[in-house]
Amino acid sequence: MGDMSELKEREDKLQGVGSSLPRKEDARFIRGQGSYVDDIKLPGMLFGAVVRSPYAHARIKSIDKSKALAAPGVVAVLTADDLKPVNLHWMPTLGGDVQAVLADKKVCFQYQEVAMVLGTDRYAAYDGAALVEVDYEELPAIVDPKQSMAADAPVIREDIQEKKEVGHGPRTHPNHIFTWEAGDKAAADVAFASAPVTVREEILNPRVHPCPLETCGCVASFNKATGHLTVYMTTQAPHLVRTVLAMLSGIAESKIRVVGGDIGGGFGNKVPVYPGYVVAIVASIVTGVPIKWIESRIDNISTTGFARDYHCVGELAADADGRIKGLRFTALADHGAFNSHVSATKLPAGLFSICTGSYAIPNAYARVDAVYTNKAPGGVAYRCSLRVTEAIYLIERMMDVLAQKVGVDKAEIRRRNFVNAEQFPYTTSFGWTLDSGAYHGALEKVLKAVDYEGLRREQAARRADPNSPTLMGIGLSTFTEIVGAGPTKVCDILGIGLFDSCEIRVHPTGGVIARLGTMTQGQGHATTYAQIIATELGLPASDIVVEEGDTDKAPYGAGTWGSRSTPVSGAATAQAARKIKEKAKQIAAHLLEVGEGDLEWEIDRFKVRGNPGQAKTMKEICMAAHTSNIPAGMEQGLNAVSYYDPPNLTFPFGAYLCVVDVDRYTGEVKVRRFYALDDCGTRINPMVIEGQIHGGLTEAFAVAMGQQIPFDENGNHLGNSLMDYFLPTAVETPVWETDHTVTPCPHHPIGAKGVAESPHVGGIPCFSNAVIDAFAHLGVTHMDMPHSAWRVWQQCHALGLDRR
Amino acid sequence: MANTHTVSFTLNGKGVTVDVPARELLIHTLRERLAHTGPHIGCETSHCGACTVDLDGTSVKSCTVLTVQCEGGDMLTVEGLEQGGVLHALQQAFHEEHGLQCGYCTPGMLTRAYRLLKENPNADEQEIRRGLAGNLCRCTGYQNIVKAVQSAARKLAAAPAA
């Protein structure tokens, strides 16, 4: 014993935490054997096609089903009137509001669900949908949220017109949803009144869509004989959905089975409960046969879970050196026609109050006013942890605005305001306790890696050259994320705390099955959770099977969104494994006839301290646990379950740098370099982490450089297919350079923080800051996203830069 | 249904015959009638490439090909890449280089990369990126997909011709 190479060999064999273990889930995907919802085919299954509103705001005068019902292959047509007898024409949302399942007397956004046609196959169903005749009386639509609360604004939601509140405090107008405030307004105002430097900027986070490659859909199957309902669906939160379905349908939760299966990307789009799912379920209950409903791409972009639409104003007050003394951030939030996105009861604006970012800001105030418009519902989605993207975009943009006003370098303004490493845990003026960080070190590492001074010299030379056809911009983003919702004392949905769970069963030969309340959508959970268990229990990851998503099998949990899987379920996994290890230790002591205190753990076994020849491997203990040779009074088996309620959220951070070259004649922006340093605490699988960062940066690139869902003044969509909506291809996508530091989370059992959303949250402002920096020497302090060639050219043109 | 047409083609080396309405799209025939659910539906407008299959030596988007156009054709889908229990070099490389996450684009991406390397076995990075531009991925940012295609290209070049 003690042979280092032998120890290393044993450790490597486990492929535990820190190993870039290739993914277990790949085997089926590379063979085309994934099981996505549209792959499911049940006997007698009908297909449901949704009839959607062509108007953004209209009264439904009549619906004529007769032609549709006469079409070949059409079995039934369901409208709100058909759902009324079972009281399912409206449903509660995850945001405290109600939403029409099928439009009841009026439609409030274009493409809203009006009817569902059931056909023997999808062709028959869509033929039928085209034959449903709906007579509408068009009403004036509100598209601009700034018009929502006008005195003469049309009332969008007549169903709640008289309601004084819709779950989040008093309303002041029929189109008002809530007003949320945080921080100390009076203290912030005092700081502004006395500050030598103040800056203010209006900054838009436009409406975008996460657009996972697989659209949303389900197969609902109600068994009339047993009263059991099974729903295969695209969901990131199967257990929460089952609870909602039980509340909605009156079916006992134990008789409802929700199965996530393989999910073709989620990005927050697959958290809410959509009308299509509910109609399919009702249709199956009514007809007694399985019903499949699958969105088209146009349905997906037009109606399900968009992101952002935050119209912000940022203000900072600072001393003459740029040290921030006060912050005032406000946002007008366009939630569309229903307040339907996932929302913690006490946090209607999500985690927006993380908007002090990585900086020590003594006085801060934030306010969000949410309103209804005649647009599709949503807002919280897209790799963003509940409004964190909006918050961090605002502070990271405002840091640049302040640097320009004070006249200091954009790296230096950050250095002057960072929370120092020795200040952690650091409580912000909004009350969040940042767990750990080393912001200065991360920034300096990046600046050194890219030769920041050299880049600024090159930029100065470019600016001095009147003949240069391009403008050079350097963007920085030194963000702090807030993920891992969350402590049940502050975070709940419909009253259910956002804990999460893991159940581990260890079998006699050392094979392990672990089941969790989360739901992978490509993040590699089957691999990374197995690695946590491998290290904790000394059993090889190859023999550890991870199962999620089937509510009949997995313990209760809130699902995968907001980068919560590793911070919450990863912790539950370690905790459950430690319970098992504790029992294993008792068995080892019994087998070795020593006291537990005489044992020490070494990779995959307990050995007797000072007598290394005496040891019991975990595999030996697994077998022993299933025999009579265990301590007196102990039960057989090696199983445990843990429900983990995190004591705090986790705060991953990073320092990103982007260099762009802007063509002054065309407005085209070329990303020359993007360097991303992330610190997510303990790194479980570096390969998977890098993959998550590549993907998050690419989605950040998409948002910053090209995505926006535009509408005309009547609320008509002006771009809801992939013909118009920008998804980057391999050609436009920049090459990503990644780096890391490791600052473990002090309160997480293995020190991990979560990572997948960091590159999206940190990436978007980095791109914007780079583009705007290209124009900074000309007095430009802000340009709204997306920085498409057309929009950037307009800036060039306004400044006369495109004249030869 | 109204009039159907009998269509025969070769699918992953085996002859198949289907009776389909004239308007039926190839992706639906493959998925619904022939139980080949590897190719996926992502956009219905030929933009995303999740439905890519290989038809007569060309990559096609099966969401915008009519099945009746395939009479006598020779078709390869992701299900046909593995031969005799041995993964194709591209499948192996996607696994080793972490070239996939949710897996939804993967069948189309693999099938497209297969044709790309047939057309240009020595494709450089830019040629690979251009060659895959008809296949969208929302998860990976393409970097590891490109690495996987490069890695497979090297292995295929080194291997004796099958």
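The values are calculated or read from the model by the stated rules, or taken from the named source; none is laboratory data. All of these numbers come straight from a predicted model, not from anything done at the bench. So basically every Cβ, Gly included, is an ideal-geometry build from the backbone, and we count neighbours across all protein chains shown.
Just one of A:His787, A:His748, A:His782 is in contact with a Lys or Arg (Cβ under 8 Å, 6 or more places away or on another chain), touching a residue at least 60 places away in the same chain (Cβ under 8 Å) and not hydrophobic (A, V, I, L, M, F, W, C); which is it?
One residue alone meets the criteria, A:His782.
Within the stretch A:294-345, work out how many residues are away from every other protein chain (no Cβ under 14 Å) and either among the aliphatic types (A, V, I, L, M) or over 30 Å from A:Val155 (Cβ atoms) (or both).
Residues flagged as away from every other protein chain (no Cβ under 14 Å) and either among the aliphatic types (A, V, I, L, M) or over 30 Å from A:Val155 (Cβ atoms) (or both) within the stretch A:294-345 amount to 22.
Which one is farthest from the other protein chains (Cβ to nearest Cβ) among residues in the stretch B:82-99 that are surrounded by 24 or more Cβ atoms within 10 Å (Cβ to Cβ) and not in a helix (DSSP H, G or I)?
Taking the candidates together, the pick is B:Gly99.
Taking only pairs six or more apart or across chains, which ones have beta-carbon atoms under 6 Å, a first residue in the stretch A:13-30 that is more than 7 Å from chain B (Cβ to nearest Cβ), and a second residue that is in a helix (DSSP H, G or I) and loosely packed, with under 15 Cβ neighbours inside 10 Å?
A:Ser20/A:Pro686
Looking only at the stretch A:200-218, filter to residues that are more than 14 Å from chain B (Cβ to nearest Cβ) and touching a Ser or Thr at 6+ places or on another chain (Cβ under 8 Å); which one of those is farthest from A:Gly48 (Cα to Cα)?
It comes out as A:Glu201.
The rows are residues; the columns are (1) buried (at least 20 other Cβ atoms within 10 Å of the Cβ); (2) closer than 30 Å to A:Glu453 by Cβ.
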position	(1), (2)
A:Cys622	yes, no
A:Leu638	yes, no
A:Val641	no, no
A:Gly654	yes, yes
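Can you name the residue in the stretch A:577-600 that is over 20 Å from A:Gly510 (Cβ atoms) and not in a helix (DSSP H, G or I) and is also nearest to the chain's Cα centre (by Cα) among such residues?
A:Glu600
Could you count how many residues in the stretch A:721-730 are in contact (Cβ under 8 Å) with a residue 40 or more places away in the chain and at the interface with chain B (Cβ under 7 Å from one of its Cβ atoms)?
3
From A:Val662, A:Val703, A:Val731, A:Val671, which residue is in a loop (DSSP other than H, G, I, E, B) and either farther than 30 Å from A:Val107 by Cβ or within 20 Å of the chain's Cα centre (by Cα) (or both)?
Exactly one of A:Val662, A:Val703, A:Val731, A:Val671 is in a loop (DSSP other than H, G, I, E, B) and either farther than 30 Å from A:Val107 by Cβ or within 20 Å of the chain's Cα centre (by Cα) (or both), namely A:Val731.
This table checks each residue for (1) more than 21 Å from A:Lys24 (Cα to Cα); (2) buried (at least 22 other Cβ atoms within 10 Å of the Cβ); (3) in contact (Cβ under 8 Å) with a residue 24 or more places away in the chain.
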position: A:Cys491; (1), (2), (3): yes, yes, yes
position: A:Ala558; (1), (2), (3): yes, yes, yes
position: A:Thr566; (1), (2), (3): no, yes, yes
position: A:Thr573; (1), (2), (3): no, yes, yes
position: A:Val594; (1), (2), (3): yes, no, no
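Can you pull out the residues in the stretch B:100-145 that are more than 7 Å from chain A (Cβ to nearest Cβ), more than 15 Å from the chain's Cα centre (by Cα) and farther than 15 Å from B:Ala89 by Cα?
Within the stretch B:100-145, B:Asn120, B:Ala123, B:Asp124, B:Glu125, B:Gln126, B:Glu127, B:Ile128 qualify.
Do any strands (runs of 3 or more DSSP E) lying entirely in the stretch A:229-326 carry at least 2 residues that are more than 25 Å from B:Glu44 (Cβ to Cβ), and which ones are they?
Result: A:256-259, A:306-318.
I'm trying to understand the selection: among the residues of the stretch B:28-74, which are assigned to a helix (DSSP H, G or I) and surrounded by fewer than 23 Cβ atoms within 10 Å (Cβ to Cβ)?
B:His28, B:Arg31, B:Glu32, B:Arg33, B:Thr64, B:Val68, B:Gln69
For the structure I just gave you, tell me whether A:Thr509 is in contact (Cβ under 8 Å) with a residue 60 or more places away in the chain and out of contact with any strand residue (DSSP E or B) (no Cβ under 9 Å at 6 or more places or on another chain).
yes
Among the residues that make up the stretch A:92-115, is at least one of them free of Cβ contacts under 8 Å to residues at least 60 places away in the same chain, under 27 Å from A:Val371 (Cα atoms) and crowded, with 23+ Cβ neighbours inside 10 Å?
Yes; the residues of the stretch A:92-115 include at least one that is free of Cβ contacts under 8 Å to residues at least 60 places away in the same chain, under 27 Å from A:Val371 (Cα atoms) and crowded, with 23+ Cβ neighbours inside 10 Å.
What pairs come up if the first residue lies in the stretch A:39-51 and is within 14 Å of chain B (Cβ to nearest Cβ), the second is among the basic types (Lys, Arg) and crowded, with 23+ Cβ neighbours inside 10 Å, and their beta carbons are under 9 Å apart, counting only those six or more places apart or on different chains?
Pairs found: A:Ile40/A:Lys292; A:Lys41/A:Lys292; A:Leu42/A:Lys292; A:Met45/A:Lys292; A:Leu46/A:Lys292; A:Phe47/A:Lys292.
Results for (1) touching a strand residue (DSSP E or B) at 6+ places or on another chain (Cβ under 8 Å); (2) under 27 Å from A:Thr518 (Cβ atoms); (3) in the same structural domain as A:Val545 (by TED's automatic domain parsing), shown as yes or no for each residue.
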site	(1), (2), (3)
A:Lys579	yes, yes, yes
A:Ala584	yes, yes, yes
A:Glu602	yes, no, yes
A:Arg609	yes, no, yes
A:Gly613	no, no, yes
A:Lys619	no, no, yes
A:Met623	no, no, yes
A:Thr627	no, no, yes
A:Glu635	no, no, yes
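Check A:Glu181, A:Glu158, A:Glu137, A:Glu165 and return the single one that is in contact with a strand residue (DSSP E or B) (Cβ under 9 Å, 6 or more places away or on another chain) and farther than 26 Å from A:Gly95 by Cα.
A:Glu137 is the lone residue from the list that is in contact with a strand residue (DSSP E or B) (Cβ under 9 Å, 6 or more places away or on another chain) and farther than 26 Å from A:Gly95 by Cα.
Take the conditions in a loop (DSSP other than H, G, I, E, B), surrounded by fewer than 23 Cβ atoms within 10 Å (Cβ to Cβ) and at pLDDT 95 or above and apply them to A:Pro210. Does it pass?
So A:Pro210 fails the test.
More than 23 Å from A:Gly167 (Cα to Cα), at pLDDT 95 or above and crowded, with 22+ Cβ neighbours inside 10 Å: is that true of A:Ala317 in this structure?
So A:Ala317 fits the description; yes.
Could you name every one of the strands (runs of 3 or more DSSP E) located completely within the stretch A:441-553 that has at least 2 residues being of a type in the set (D, E, K, R), more than 30 Å from A:Gly167 (Cα to Cα) and at pLDDT 95 or above?
A:500-506, A:544-548
Consider only pairs whose beta carbons are under 8 Å apart and that are at least six residues apart or on different chains; among these, list those whose first residue lies in the stretch A:731-744 and is within 20 Å of B:Arg129 (Cα to Cα) and whose second residue is assigned to a loop (DSSP other than H, G, I, E, B).
Short answer, once both residue conditions are applied: A:Val731/B:Ala133; A:Thr733/B:Gly141; A:Thr733/B:Tyr142; A:Trp736/B:Gly141.
Answer with yes or no whether A:Ala141 is part of a loop (DSSP other than H, G, I, E, B) and away from chain B (no Cβ under 14 Å).
It is true that A:Ala141 is part of a loop (DSSP other than H, G, I, E, B) and away from chain B (no Cβ under 14 Å).
Which of the residues that make up the stretch A:699-719 are touching a Lys or Arg at 6+ places or on another chain (Cβ under 8 Å) and within 12 Å of chain B (Cβ to nearest Cβ)?
A:Glu699
Return yes when A:Thr428 is surrounded by 13 or more Cβ atoms within 10 Å (Cβ to Cβ), in contact (Cβ under 8 Å) with a residue 24 or more places away in the chain, of a type in the set (Ser, Thr, Tyr) and in the same structural domain as A:Glu737 (by TED's automatic domain parsing) and no when it is not.
The answer is no for A:Thr428.
Can you find a residue in the stretch A:277-289 that is more than 14 Å from every other protein chain (Cβ to nearest Cβ), over 22 Å from A:Pro92 (Cα atoms) and among the hydroxyl-bearing types (Ser, Thr, Tyr)?
Yes, the stretch A:277-289 has at least one match.
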